[in-house]
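*Asks:* Before we start, here is the structure in question, set down as structure tokens.
The values are calculated or read from the model by the stated rules, or taken from the named source; none is laboratory data. Quick caveat: nothing in here was measured; it's all calculated off a predicted structure. Because the Cβ atoms are built from the backbone with ideal geometry, glycine has one as well, and the counts that use them run over all protein chains shown. Note: accessible area is taken over every heavy atom of the protein model, side chains too, but ligands, DNA and RNA are not part of it. Shrake-Rupley method; radii C 1.70, N 1.55, O 1.52, S 1.80 Å.
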Amino acid sequence: MKINKFLVFLLFFATLFAFAQKKQAKAPVIYGDIPDYKEYYLSPDFVKSAKGKVFVSCRTGKALLVIDGNKYKKINLPNFTSGLDVTKNAKTAFVSLYQPNGKLLKVDVDSGKIIAEVEVGHMPRAIRLSHDEKFIYIPLQFKNKVVKVDTATMKILGEANAIRDAFAVAPTKDGNWLVIVNQLPEAKGGLYEENIAAAINIADAKTMKTIATINLPNGAINAQDVAISHSDRYAYITHIVARFNVPTTQVERGWINTNAISIIDIHKKTLLATVLIDDIELGSANPYGIITAGKNGSKLVIAQSGTHEICVIDRHKMHNKIGQAYKNEKNTNKVFEDICNDLSFLSGIKTRVALKGFGPRHLCEMNNKIIVGMYYSDVLNVVDLSNFNVKRVSIGGNENLNEIRKGDLFYHDASLCFQKWLSCITCHTEVRSDALNWDLLNDGIGNPKQSKSMLYAHFTPPSMITGVREHAKAAVRKGIRFIQFTRRPEKDSVAIDKYLSSLKPIPSPHLQKDGSLSESALAGEFVFQEAKCSVCHTGEYFTDMKKHDVGSGLDEYKGFKFDTPTLREVWRTAPYLYDGRAKTIVDMLKHHNKDNKHGTTNKLSDKDLKDLQEYILSL
């Protein structure tokens, strides 16, 4: 019997490819909200189109996909991706890598080779090309900066300031303005802060100087993306409006949480309106990517990542309705509040389209079709804007979810919530904290407290700030029942446990470039020991896993013993103390430690306190 040489070669190549995939699947997860799935997944994130081609950045797949009709090219990249943009001629792609020494890669599409790269800083996020493609803007999430890079020379030209967790950016087409999205509110401190919201910065795109800071409505968190109208007049930002000023006694009709877009008038540098994209009895949880689409950008299209849908809004009709509301009522504050609280405002103006798969994040338009990356399903969806027909398109991903990946999905999935108003990620932003005080039902009503980071929660019992739950497994199950108001099979909670247990910390932006402690932090490490902070904050996780009265309790909590939290990644969870009254570590120790119960810090100099803070923020 003759052996087909081509078949032998094909089988040999397939074996090598399978081995490479298996080897890549075992690569350790480095940090962040990216778990070690133990298997290889693409996780399509950003989607762009140019010259009839579709480009997809694959976050955990560490790859760039180029799809041209029936042709498919996979360009392997050095690390997890965090942003993507493509030149109009489809010849060059720019990709950012999510790592402490974050990089911007310039990729030649035809050859599939990285032709240039530049180190831009700690943990870059969603990148965006200027309209003339001479510059690219890169948010550095935890440095609170946006870096400007020359696309020809790949040199950094300057940076703009952000406020907290710079997450997305968009330049106007005329090249004048830069709209910067801050994911979370600035940590203000103060007793029971009742007015707190994420903000938008507008910077001069040429000089990178901040021109205006615009606060989103009270409770605005998780601001994710921004789109700009074709006229350059308006910017549209996706975010959540957390109803954190009320007890979480029910979730229906948006009592706990609503989902929105805010409209910024770029010319006037003001917030025009915040419009809810939910329906009266059905939430649109966790809005993520947003684009303008259709003729002259007549439509807004939003990826609803928690409900696995897109929302298509008639942009002109929405603006007409907003304009009429302001015309009919002279009190502009009342008009704003009425619109921001009206679950029926977009009735008849928007269409919800159910997708085939889970976890839409970013999207693009091509030939009157919306192309969406389905993060957890490892596929694309193509939605025809003329009839809303949905087609599921394979991209060679792994469509079988293992237990950790299921847990990741469930943590982000509003299907676990009654009426789909929220998911776990709504309050635990990027599986950490959202900087708000929530009045949960764990310990009665009328005592709001900060949401906690889930990093190492399963390794540092008890759970909740007051330690009211014996361990994180109990907290997961009670959260589904008393925050999302549903019941789920035990296997779903087990999957969430496995996901949360797989999380790794992000190296602190306070560390030096080589990962070592700064001179100030080294001095602070000595103060940490001398001030006896290490008595309670000890071991691998910097906690003794016990409850202590550190003198921080007020009113009914005077003399109360609170859980000792881990100090790992505490640099990203301000404000501090159970009610968020301390803006910084120095503030906490200098003004809220009168009796030295929270470390022996009263006699420390300002320098010692700053060094101590620098050490803690480096952990």
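To keep it simple, each residue is scored yes or no on (1) at pLDDT 95 or above; (2) surrounded by 18 or more Cβ atoms within 10 Å (Cβ to Cβ).
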residue: A495; (1), (2): yes, yes
residue: S501; (1), (2): yes, no
residue: K513; (1), (2): no, no
residue: V535; (1), (2): yes, no
residue: T538; (1), (2): yes, no
residue: K547; (1), (2): yes, no
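*Asks:* Of everything in segment 54-84, what is basic (K, R) and free of Cβ contacts under 8 Å to residues at least 40 places away in the same chain? Give them in sequence order.
*Replies:* Filtering segment 54-84 for residues basic (K, R) gives 59, 62, 71, 73-74.
If the condition is that a residue be basic (K, R) and free of Cβ contacts under 8 Å to residues at least 40 places away in the same chain, then K62, K71, K73 are the ones that fit.
*Asks:* For G297, which of the numbered conditions (1) crowded, with 21+ Cβ neighbours inside 10 Å; (2) farther than 19 Å from C424 by Cβ; (3) in contact with a Lys or Arg (Cβ under 9 Å, 6 or more places away or on another chain) fails to hold?
*Replies:* Going through the list (1) crowded, with 21+ Cβ neighbours inside 10 Å; (2) farther than 19 Å from C424 by Cβ; (3) in contact with a Lys or Arg (Cβ under 9 Å, 6 or more places away or on another chain), G297 breaks only (1).
*Asks:* Are there any pairs with C-beta distances below 7 angstrom linking a residue in segment 582-597 that is under 9 Å from L609 (Cα atoms) to a residue that is open to solvent by 100 Å² or more (accessible area, probe 1.4 Å), with the two at least 6 apart or on different chains, and if so which?
*Replies:* Close Cβ pairs (under 7 Å, with a partner that is open to solvent by 100 Å² or more (accessible area, probe 1.4 Å)) amount to V586/K610.
*Asks:* Take H230 and decide whether it is under 27 Å from G348 (Cβ atoms) and open to solvent by 10 Å² or more (accessible area, probe 1.4 Å). Steps first, please.
*Replies:* Numbers: under 27 Å from G348 (Cβ atoms): yes; open to solvent by 10 Å² or more (accessible area, probe 1.4 Å): yes.
For H230, the condition - under 27 Å from G348 (Cβ atoms) and open to solvent by 10 Å² or more (accessible area, probe 1.4 Å) - is met.
*Asks:* What are the residues in segment 567-578 that are assigned to a loop (DSSP other than H, G, I, E, B), open to solvent by less than 30 Å² (accessible area, probe 1.4 Å) and either more than 22 Å from N602 (Cα to Cα) or in contact with a Lys or Arg (Cβ under 6 Å, 6 or more places away or on another chain) (or both), if any?
*Replies:* The answer is E569, T573, P575, Y578.
*Asks:* Given the conditions (1) assigned to a loop (DSSP other than H, G, I, E, B); (2) of a type in the set (A, V, I, L, M, F, W, C); (3) buried (at least 20 other Cβ atoms within 10 Å of the Cβ), report the number of the one that M154 does not fulfil.
*Replies:* Against the list (1) assigned to a loop (DSSP other than H, G, I, E, B); (2) of a type in the set (A, V, I, L, M, F, W, C); (3) buried (at least 20 other Cβ atoms within 10 Å of the Cβ), M154 comes up short only on (3).
*Asks:* Can you tell me which residue in segment 233-254 is most open to solvent (accessible area, probe 1.4 Å), limited to those that are more than 19 Å from Y288 (Cβ to Cβ) and hydrophobic (A, V, I, L, M, F, W, C)? Lay out the reasoning, then the answer.
*Replies:* Within segment 233-254, the first condition is being more than 19 Å from Y288 (Cβ to Cβ), and the residues that meet it are 233-234, 243-253.
Filter again for hydrophobic (A, V, I, L, M, F, W, C), leaving 244, 246, 251.
Values: F244: 9, V246: 47, V251: 3 Å².
In this case the residue turns out to be V246.
*Asks:* Considering only segment 295-342, state which residues are at positive phi and over 27 Å from the mean Cα position of the chain (by Cα).
*Replies:* Of all residues in segment 295-342, those at positive phi come to 296-297, 308.
Of everything in segment 295-342, just one residue is at positive phi and over 27 Å from the mean Cα position of the chain (by Cα), namely N296.
*Asks:* Considering only residues that are open to solvent by 10 Å² or more (accessible area, probe 1.4 Å) and either β-branched (V, I, T) or part of a helix (DSSP H, G or I) (or both), look in segment 417-451 and name the one that is modelled with the lowest pLDDT.
*Replies:* The extreme case among them is I445.
*Asks:* Kindly list, by first and then second residue, each pair from a residue in segment 384-404 that is among the basic types (K, R) to a residue that is open to solvent by 70 Å² or more (accessible area, probe 1.4 Å), limited to pairs with Cβ atoms under 9 Å and residues at least 6 apart or on different chains.
*Replies:* Partner pairs satisfying both residue conditions: K391/K356; K391/K369; R392/K356.
*Asks:* Still on this structure: Considering V393, V383, which residue is assigned to a strand (DSSP E or B), touching a strand residue (DSSP E or B) at 6+ places or on another chain (Cβ under 8 Å), open to solvent by 30 Å² or more (accessible area, probe 1.4 Å) and not hydroxyl-bearing (S, T, Y)?
*Replies:* None of the other options fit; the residue is V393.
*Asks:* Pull out all pairs, ordered by first then second residue, where Cβ-Cβ is under 6 Å, the residues are six or more apart or on different chains, the first lies in segment 138-158 and is without any contact (Cβ under 8 Å) to a residue 40 or more places away in the chain, and the second is surrounded by 20 or more Cβ atoms within 10 Å (Cβ to Cβ) and in a loop (DSSP other than H, G, I, E, B).
*Replies:* Within 6 Å, the pairs are L140/H122; N144/A162.
*Asks:* In segment 187-213, which residues are in contact (Cβ under 8 Å) with a residue 60 or more places away in the chain, not small (G, A, S) and not in a strand (DSSP E or B)?
*Replies:* Of all residues in segment 187-213, those in contact (Cβ under 8 Å) with a residue 60 or more places away in the chain come to 187-193, 196, 200, 202, 205, 208.
Of the ones still in play, those that are also not small (G, A, S) are 188, 191-193, 196, 200, 202, 208.
Selection gives K188, L191, Y192, E193, I196, M208.
*Asks:* Considering only residues that are within 19 Å of I200 (Cα to Cα) and not in a strand (DSSP E or B), look in segment 128-149 and name the one that is farthest from the chain's Cα centre (by Cα).
*Replies:* S130
*Asks:* OK, next. Out of the residues in segment 504-542 meeting the condition of being among the aliphatic types (A, V, I, L, M) and touching a helix residue (DSSP H, G or I) at 6+ places or on another chain (Cβ under 6 Å), tell me which one is nearest to P100 (Cα to Cα).
*Replies:* Quick first cut of segment 504-542, residues among the aliphatic types (A, V, I, L, M) only: 506, 511, 517, 521-523, 527, 531, 535.
Adding the requirement that they be touching a helix residue (DSSP H, G or I) at 6+ places or on another chain (Cβ under 6 Å) leaves 521, 523, 527.
On the way: A521: 18, A523: 23, V527: 27 Å.
Among residues in segment 504-542 that are among the aliphatic types (A, V, I, L, M) and touching a helix residue (DSSP H, G or I) at 6+ places or on another chain (Cβ under 6 Å), the one nearest to P100 (Cα to Cα) is A521.
*Asks:* Continuing with this model, one more query. Would you kindly identify the helices (runs of 4 or more DSSP H) lying entirely within segment 462-562 that contain at least 3 residues that are among the aliphatic types (A, V, I, L, M) and more than 29 Å from D606 (Cα to Cα)?
*Replies:* Result: 472-482, 490-501.
*Asks:* Sort through I277, I221 and tell me the only one that's modelled with pLDDT of 95 or more, touching a Cys at 6+ places or on another chain (Cβ under 7 Å), within 26 Å of V47 (Cα to Cα) and open to solvent by less than 10 Å² (accessible area, probe 1.4 Å).
*Replies:* On the way: I221 fails: touching a Cys at 6+ places or on another chain (Cβ under 7 Å).
Going through I277, I221 in turn, the sole match is I277.
*Asks:* Further, regarding this structure: Of all residues in segment 481-506, count the ones that are touching a residue at least 60 places away in the same chain (Cβ under 8 Å) and farther than 30 Å from D549 by Cα.
*Replies:* The number of residues fulfilling the criteria is 11.
*Asks:* Related question: Restricting attention to segment 309-341, which residues are in contact (Cβ under 8 Å) with a residue 24 or more places away in the chain, open to solvent by 50 Å² or more (accessible area, probe 1.4 Å) and of a type in the set (D, E, K, R)?
*Replies:* The answer is K317, K321.
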